[in-house]
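Read the structure below first, then the notes.
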Amino acid sequence: MREFELIDALRTCLAARRDDTRLGIGDDAGILAPLPHSELLVTTDTLIRDRHFPGDTSVFDIGYKAVAVNLSDIAAMGGAPAWLTVSLAAPALDRAWADAFVDGLQAACAAYPGPDPIDIVGGDTTRADQLMVTVTAIGHVPSGQAIRRSGARVGDLIAVTGTLGDAAAGLVRWPQREPGASETDPLIRRLVRPDLRDGRALIGRATAALDVSDGFLADLGHILTASNVGARLAVDDLPAAHALAAAAPDLTTFRRWQATGGDDYELCLTAPADQIGPLRDALDCALTVVGEITAEPGLTCLDRHGQCLTADVFSQAGWDHFA
Ligand SMILES: [Mg+2]
């Protein structure tokens, strides 16, 4: 496939819809108009076949996920995503491939819960041995109000949106999945099409936040390190989908999926106790309190009986990060 065909597919499907997109795809560069009294958030993520997604992932789902993981980063900062650029490196492409890919990009943009459309304002294609997709997302946040990892304060509660561990269980189930599992199997669906959260709800309410991409314990560890605090975590309070409990062969696996499984792209946040209710009202998804920020450093994981859980309950990778 020649390069102009992907650009052409993008241009016909993705005409600019935002007032602040002065010029979308078609010239040497897009022209974007930042909002007054706002700052821009910029993030980029590369997905490589067989490393970040299974090699037999559908083209639609590759496009969907490449966008979703970037929108998740903008949401974690309290931002509203506005623009994307998409770069594709692939061994060989044809028009059907490009159309399915663009459909996936569009579906993820449409699934974003914010009120404004998201414009794809640039794209590039190169030939390469391995399929690689790089998406850059740009979003708005009110000046000085972006939610950072470093803002957690002693006494804040720790809360997480949605459910944890689904994508890790989906990855285990992946080789045995049924046809159409991206639509029908909730665990597979979470792996290939992460749920998208509206991060604007965090502004003025959360003190720190990030999206859960590497595993909940590892990612919470990032907040603790950046904020120079510790935490007490109620492991049995981590929110779980019914499908996860049904899929787990034992409690250890269940806990490992929840605490260390990656790719859930839920938001983990800290906030004063009196902000949890308003956050719950402002988010259009479940928000579950799972712990508290403490002055003593490190992470203490307790089960429902108040017993301290040791490292061997979790995978080494997730635990080591904050040890
Ligand atoms: Mg992130």
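None of the figures in this text is laboratory data; all of them are computed from the coordinates on show. What you see is a predicted model; the values in this text were computed from it and never measured. Positions of Cβ are generated from backbone atoms using ideal geometry, with glycine treated the same way; all protein chains shown enter the neighbour counts.
Worth a mention:
- When Asp195, Asp211 are sorted by how many other C-beta atoms sit within 10 angstrom of their C-beta, beginning with the fewest, the order is Asp195, Asp211.
- Of Ala100, Leu287, Gly261, farthest towards positive along the dipole that unit charges on Lys, Arg, Asp, Glu beta carbons give the chain: Leu287
- Only Lys, Arg, Asp and Glu carry charge here, each on its Cβ (+1 for the first two, -1 for the last two); on that basis region 226-290 has a dipole of about 220 debye about its Cα centre.
- Theoretical gain in end-to-end length, Asp103 to Arg51 [0.36 nm per residue, Cα-Cα removed]: 16.5 nm
- Per-peptide packing, taken as the mean over residues of other Cβ atoms within 10 Å, places 113-124, 272-283 in the sequence 113-124, 272-283 from highest down.
- When the charge dipole of the chain is built from unit charges on Cβ atoms (+1 for Lys and Arg, -1 for Asp and Glu) and taken about the Cα centre, the candidate among Ser143, Leu32, Pro113 whose Cα reaches farthest toward its positive end is Ser143.
- Total charge dipole magnitude, region 3-142, about the Cα centre, Cβ charges on Lys, Arg, Asp, Glu only, Debye to nearest 20: 180
- Positive-pole candidate from Leu71, Gln130, Val86, dipole of region 3-142, charges at beta carbon: Leu71
- Highest mean packing first, where packing is the average number of other Cβ atoms within 10 Å per residue, the peptides 24-37, 246-259, 133-146 line up as 133-146, 246-259, 24-37.
- Among Val154, Val86, sorting on how many other beta-carbon atoms sit within 10 Å of each Cβ, with the fewest leading, yields Val154, Val86.
- In this entry, region 3-142 is assigned a mean projected area of 7.9 nm², taken as a quarter of its C-alpha convex hull surface.
- Test item: Cα-centred dipole of the chain, Lys/Arg +1 and Asp/Glu -1 on Cβ, debye: 260
- Whole-number percent relative contact order across the chain, with pairs defined as alpha carbons under 8 Å at least 6 apart: 21
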